[in-house]
Structure formats: structure tokens, C-alpha cells
């Protein structure tokens, strides 16, 4: 997993409350178990007109000034609904590195973390300020110091210490297991080889 230390990017506001995982990635796109290729269908029913191909010009991600945004500003209860990890895959594959919301579904919050996306909880006042930034303004997310830095002020955020360590060090579940590789190898060397 890629390390997340200090990240700079532009924001896009989709301030709806209760954006659920079916809205993030609809059920018809869940057949693949590969983590890539989901980004083009993220927010599918909002991004495209009824033909499923023509972009909806009213949807903010289709506005030219927001196409390069990599930090999503959202409402409350982001990622509610089913536990599908595909929603986090879609967010990552689209190019988002962080989601700043009022609150998250617990399962989706953990799915984002496991996939190297930083979910940040912020009050409405802060999110409204972030949503008011110009589309070309870069903000900085400093995970080691747990701060968001903008032209309109700096804001702190909370994160579990172990999840913070995993993101800063770029450790997914496999990476954490490999931290004990020497102990595992030593243990395996002492075991009788029953399978031989």
C-alpha cells in the first residue's frame, strides 16, 4: 500500500447526507473482484444520463474545473448501506486520496483505511468552508500532525493511532504480516515437514 504522509490536492464538494455504497458503486458493477476499473462507474447514476453513457452536465464531477479533484468533501453518514468494499475500491480507483465527511458508516470507514484512503471527520462548519474553496485551490493534509491546511485556516482531525501508523508506513494486512517474516521463517524451520 502506498504511504500516506503529507498529501496535497484540490477538493470537490458533494455535500449530500447519507451517500450510501449503492450510490457510490451500484450493484450491477460488483461482478469483478479486481480492485481496478471501478472509478469510471463511481456515482454512476449521478454522473451519467439515462442512457448510461452521456455525462450529466449538472453533476459536479463532470464540471471541467473539478475533474482533477482528489479530495472529496461530503455530508453526514458517508458510505452507509451495504458493506461492499467495492465502494472504497471505486473511490480509490477514481483518484480520491481522502474523504472529509461529517461521519462515516463504520464498515465503510474501515474499508477506506484498508485501501489507503484517509477518511477524516469534520464538523459542518469546516466542511462548508472547504466546500467554498475555489476548485483550483490546493489544500494540504498532514497525517503525521493530523492537520488540514488551507488558505482559510488550519483544522485538526482525529485518527486511531494504529491506523495512522499503517497509513504513514504504507502497511496493509499483508505488509503487517511481513513485519514478522523473520519470526515466521524461524517458526517454520522448527516445524516437522509433515507434507514431505
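The values are calculated or read from the model by the stated rules, or taken from the named source; none is laboratory data. Just so we're clear, the structure is a prediction, and the values are computed from it rather than from any experiment. Note that each Cβ is placed from the backbone with ideal geometry, even for glycine, and that neighbours are counted across all protein chains shown.
Results, tabulated for the structure shown:
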read-out: Top-ranked residue of region 62-78 - restricted to ones that are in contact (Cβ under 8 Å) with a residue 40 or more places away in the chain and not in a loop (DSSP other than H, G, I, E, B), ranked as farthest from the chain's Cα centre (by Cα); value: 65
read-out: Tally of residues being buried (at least 17 other Cβ atoms within 10 Å of the Cβ) and either more than 9 Å from the chain's Cα centre (by Cα) or at pLDDT below 95 (or both) across region 109-130; value: 7
read-out: Residues being assigned to a helix (DSSP H, G or I) and touching a residue at least 40 places away in the same chain (Cβ under 8 Å) - total across region 28-39; value: 2
read-out: Per-region count, region 40-56, residues touching a strand residue (DSSP E or B) at 6+ places or on another chain (Cβ under 9 Å) and outside any helix (DSSP H, G or I); value: 6
read-out: Residues that are within 22 Å of residue 130 (Cβ to Cβ) and surrounded by fewer than 17 Cβ atoms within 10 Å (Cβ to Cβ), drawn from region 48-69; value: 58, 59, 62, 63, 64, 65, 67, 68
read-out: Pairs with Cβ under 7 Å, 6+ apart, first in region 123-140 and on the phi > 0 side of the Ramachandran plot and free of Cβ contacts under 8 Å to residues at least 40 places away in the same chain, second in a helix (DSSP H, G or I) and surrounded by 13 or more Cβ atoms within 10 Å (Cβ to Cβ); value: none
read-out: Count of residues meeting criterion [in contact (Cβ under 8 Å) with a residue 60 or more places away in the chain and under 16 Å from residue 15 (Cα atoms)] in region 79-99; value: 4
read-out: Every residue from region 154-181 that is under 19 Å from the mean Cα position of the chain (by Cα), in a loop (DSSP other than H, G, I, E, B) and exposed (fewer than 12 other Cβ atoms within 10 Å of the Cβ); value: 158, 160
read-out: Tally of residues being free of Cβ contacts under 8 Å to residues at least 24 places away in the same chain, under 27 Å from residue 60 (Cβ atoms) and surrounded by 12 or more Cβ atoms within 10 Å (Cβ to Cβ) across region 141-153; value: 4
read-out: Leading residue by the ranking (nearest to residue 174 (Cα to Cα)) among those in region 1-27 that are free of Cβ contacts under 8 Å to residues at least 60 places away in the same chain and in a loop (DSSP other than H, G, I, E, B); value: 26
